[in-house]
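As structure tokens, the structure follows; a few thoughts come after it.
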Amino acid sequence: MCRNIRTLHNFEPPATDDEVRAAALQYVRKISGSTKPSQANAEAFERAVDEVADASRRLLDSLSTAAPPKDREVEAAKARERAAKRYAA
């Protein structure tokens with residue numbers, strides 16, 4: 001599950017709220033051990049996703065760096081190249 005959580009800091013354009021929420025959802029799924037909570041746990045699950053997304057957004061907004069922003073397309077191409085090498089065998 002955690003393979004879907006990607007670095008969201010220092011990209012141009014910045015991470016969207018949807019990307020932050022998707023990462024939060026993956027995190028909560030991983031630590032809860034559930035991809036879809038029962039009805040009894042749905043409210044707690046959604047609240048946790050919201051809280052993790054809020055904390056993640058605050059973190060991303062407060063981080064600073066002197067490094068130039070990364071280009072999403074360049075990073076995606078690098079990831080595809082790594083995957084091609086890894087799965088070539």
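A few points about this structure:
- Straightening the chain between residue 42 and residue 83 buys 11.3 nm, computed as 0.36 nm per residue apart minus the Cα-Cα spacing.
- Relative to the Cα centre, the charge distribution of the chain, modelled as +1 at Lys and Arg Cβ and -1 at Asp and Glu Cβ, gives a dipole magnitude of about 620 debye.
- In terms of its C-alpha gyration tensor, the chain comes out oblate, because a/c is 1.5 or above while a/b does not outweigh b/c.
Since every read-out is calculated from the coordinates, none of them should be taken as a lab result. Since the model is a prediction, treat every value here as computed from it, not as a measurement. Reconstructed Cβ throughout: ideal geometry from the backbone, glycine too, with neighbour counts over all protein chains shown.
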